[in-house]
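Q: Quick one: structure below, then a few questions.
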Amino acid sequence: MSLKSIAKLSLAWPFISFYWARQKAEQHWVNKCKKWNLPPDVGQVARLSILPLIDWYAARDGLATEPGVSYLVKTDSSTILFDLGYNKLKEHPSPLLRNMGSLGVGFEDIDTIVISHPHADHIGGDINQLKRTFSPSSRPVDLSRQAIFLPPGMSHPDYNTMQVVRPIKIAKGVISTGPIYSAQFILGNTLFPMGITPEQALVVDVKSKGVVIIVGCGHQGLPRILELVDQLFKKPIYGIIGGLHFPVTGSRMTALDGKLQVQRHFGTGKLPWRPITKQEVLSNISALKSYNPSIVSLSAHDSCDWSIDAFKDAFGPGYRDLKVGQEIKISSRSKK
Ligand SMILES: [Zn+2]
Ligand SMILES: [Zn+2]
C-alpha cells in the first residue's frame with residue numbers, strides 16, 4: 001500500500017468506523033433488544049432512594065463536583081453503586097471517595113456495583129477507558145465483597161465481574177435493561193473498536209407506583225430507553241433520573257483549553273459538526289411526556305442548562321434537581 005493510500009485510509013477511518021458502528025447498533029437493536037423479555041421473579045420494592053455521589057452540581061459547599069456520574073441506589077433490600085465518577089485528576093482519595101466520606105457512605109454498605117458504559121466519566125478516568133476497566137479511586141479499593149455488573153467488553157484484573165448482555169435481575173425489584181448499543185464518532189481512540197458504545201440502565205419496580213429508570217449518560221437515546229422499558233415491564237413509567245446527553249448550548253467536559261466542547265461534538269450518535277439541536281431536545285421531551293412520568297431529574301454532567309430549563313418547564317413540579325448530596329426518595333406509600 002502506498003503512503004498516499006495509507007493517508008487516505010486514515011482520514012476515512014473515523015467515518016468508516018462510525019457508519020459501521022451505526023449499522024451494528026441498529027442490528028443489535030432490531031435483532032436483540034426488540035426481542036428481550038423481563039427476567040423471571042424480579043419482584044418489587046417498597047422504597048427507593050437515589051443519592052447522587054458525583055455529578056455536575058452539588059446541594060451544598062464542600063462536596064466535590066465533576067462532569068461524571070456516580071449514584072447510590074438504595075432499596076429496602078439492596079444498596080447499589082451505579083457508576084464511579086470521573087476522577088479526571090487521578091486523585092486519591094478521588095472526588096467520589098471524598099463525597100462518600102462527607103455523606104457517610106462506605107463500601108461496606110454497598111452490595112452491588114453496576115457500570116453503565118465504558119466512558120471515562122463513569123468508570124473513574126481516562127486510563128480506565130483505555131484499559132476497559134474501572135476504579136473508584138487512583139489507588140486500589142477493596143471491591144471483593146460486591147457483585148459487579150459490567151457492560152460488554154469491560155473487566156477487572158482483580159475481581160469477579162459479570163458482563164451484562166441482556167436484561168438481568170440485579171437485586172430484588174431491580175434489573176439492568178441490558179446494553180443498548182449506539183454509534184460514536186471517534187478520533188484517535190482505537191480502544192473501542194468501530195466506535196460502538198454499549199450502555200445499560202437500571203430499572204426499579206416500586207410497588208403501587210411503577211418503574212423508575214436510572215440512566216448513566218443516555219447514549220442509548222431516550223426514545224429507545226423508554227421503548228425497551230415499556231416492552232419489558234408493560235407498567236407505568238413512574239420516573240427517570242440521570243444523564244440523557246443533551247449538550248445543546250455547551251459542554252461540561254472540554255479539551256484543548258476549553259476550545260473543544262467534547263460532549264457537544266462527540267458521543268451524540270451524530271457526526272461531530274452536527275450537534276444535538278434544541279428541536280431534538282424538545283421532541284425527546286414530548287416523547288417522555290407521552291409516558292406521563294411523575295418524577296423527572298436530568299443530570300447536568302452531560303446536558304447544558306438550556307436543556308435542564310426545558311425539562312423544568314415541561315415537567316413543572318414533577319421535575320427534581322439532580323445534585324450531589326440531595327437524595328431523591330420514592331416510596332410506595334407516598335401520595336405522589
Ligand atoms: Zn458516555
Ligand atoms: Zn457521561
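Every number here is computed from the coordinates shown, using simple stated rules; none is lab data. These numbers come from a predicted model, not from an experiment. Every residue, glycine among them, receives a Cβ derived from its backbone with ideal geometry; neighbour counts consider all protein chains shown.
Q: Net charge near Gly106, counting Lys/Arg +1 and Asp/Glu -1 over other residues with Cβ under 15 Å of its Cβ?
A: -1
Q: Which value in deg cm²/dmol, rounded to the nearest 500, describes the helix-derived mean residue ellipticity at 222 nm for the chain, given -39,500 (n - 2.57) per DSSP H run of n ≥ 4 and division by the residue count?
A: Only helices count here, giving -7500 deg cm²/dmol.
Q: Given a cut-off of 20 Å, name the pairs among Lys8/Lys270; Lys169/Lys335; Lys74/Lys234; Lys74/Lys209 whose C-alpha atoms lie farther apart than that in the structure shown.
A: Pairs exceeding the cut-off: Lys8/Lys270; Lys169/Lys335; Lys74/Lys234.
Q: Also, quick follow-up: Under the definition of Cα pairs under 8 Å and six or more residues apart, what whole-number percent is the relative contact order of the chain?
A: 20 percent
Q: Considering only DSSP beta bridges whose two residues both sit in the chain, what percent are antiparallel, to the nearest 5?
A: 60 percent
Q: Would you compute, for the Cα atoms of the stretch 182-336, the largest minus smallest coordinate along each principal axis and list the three values in descending order, in whole Å?
A: Result for the stretch 182-336: principal-axis Cα extents of 51, 30, 29 Å.
Q: For the pair Lys4 and Ser334, how long in nm is the line joining their label points, each one 7 Å along Cα→Cβ?
A: Once both label points are built, they end up 6.7 nm from each other.
Q: As an exercise, take the mean of 1/r over every pair of distinct alpha carbons in the chain, invert it, and state the Kirkwood radius in angstroms.
A: 20.0 Å
Q: Average projected area of the Cα convex hull of the stretch 138-230, in nm²?
A: For the stretch 138-230, averaging the hull's shadow over all directions gives 7.8 nm².
Q: I'm checking a number: the convex hull volume of the Cα atoms of the stretch 268-336, normalised per residue, in Å³. What is it?
A: It comes to 112 Å³ per residue, whole-number rounded.
Q: Ok, one more. Principal axis extents for the stretch 1-52, Cα atoms only, whole Å, descending order, please.
A: 65, 32, 13
Q: Given the C-alpha centroids of the stretch 230-279 and the stretch 42-110, what is the distance between them in whole angstrom?
A: 21 Å
Q: Any lysines with Cα under 17 Å of the Lys259 Cα? List them, leaving off those in the same chain fewer than 8 positions away.
A: Partners found: none.
Q: Let me ask another. Which whole-Hz ³J(HN,Hα) couplings does the stretch 248-265 yield from phi under the Karplus relation 6.51 cos²θ - 1.76 cosθ + 1.60, θ = phi - 60°, glycine and proline marked x?
A: Working through the residues one at a time gives 7, 9, x, 10, 6, 9, 10, 9, 6, 6, x, 6, 9, 8, 4, 5, 5, 10 Hz.
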